[in-house]
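What follows is a single structure, written as structure tokens, with notes after it.
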Amino acid sequence: MDILQVYKCAKCSKEAFPQKLICNHCRSTDFIMIDSEYAIVEETSIIRHMLGSKDWKPRKIGSVRTNKGVLLTVGLSDEIESGDKVILFQQDGAILGRKE
Ligand SMILES: [Zn+2]
């Protein structure tokens, strides 16, 4: 698993994910990729059913906000609750949060 990388504006350092064409802060179009640091869980919920998926197992997701202010929806392991600090990883195209 790799640490999630986010896009950082080369001019004003504002971070974004997914990538934006233009920085919404300074209008620059230059971004660099950096490792995200950590995020705080704001809200969690459980997806109990998925349309068209027979073998779906309930899965926890949450809204998290990175220390640089980027809001993301990520998969979470069961023990993670609102207010927890998580590290974000990317695996098979999905973003996952794990406790440090
Ligand atoms: Zn910028």
Take every Cα pair under 8 Å in the chain that's 6+ residues apart, average their separations, divide by the length, and report that relative contact order as a whole percent. 26 percent
Across the stretch 2-99, qualifying lysine pairs (alpha carbons under 28 Å, at least 8 places apart or different chains) come out at 21
HN-Hα J couplings of the stretch 63-74 from phi, Karplus 6.51/-1.76/1.60, θ = phi - 60°, integer Hz, Gly and Pro as x? 8, 10, 10, 6, 5, 9, x, 8, 8, 9, 9, 9
By count of other Cβ within 10 Å, fewest leading, how are His49, His25 ordered? His49, His25
Which far-off residues, 5 or more places away or on another chain, put their amide H under 5 Å from the one on Ser28, with H placed in the peptide plane? Cys23
Which value in nm describes the separation of the simple spin-label points at Lys57 and Ala10, placed 7 Å from the Cα toward the beta carbon? 4.4 nm
So how much slack lies between Asp35 and Leu21, counting 0.36 nm per residue of separation and subtracting their Cα-Cα distance, in nm? 3.1 nm
Net +/- balance of residues flanking Ile87 in space, Cβ distance below 13 Å, scoring K and R +1, D and E -1: -2
Give, to the nearest whole percent, the P(r) tail of the chain beyond 21 angstrom, counting all Cα pairs. 39 percent
Can you give the net charge of the other residues whose Cβ lies under 12 Å from the Cβ of His49, counting K and R as +1 and D and E as -1? +3
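None of the figures in this text is laboratory data; all of them are computed from the coordinates on show. Note that this is a predicted model, so its numbers are computed, not measured. Quick reminder, even Gly has a Cβ in these numbers, built from the backbone with ideal geometry, and neighbours come from all protein chains shown.
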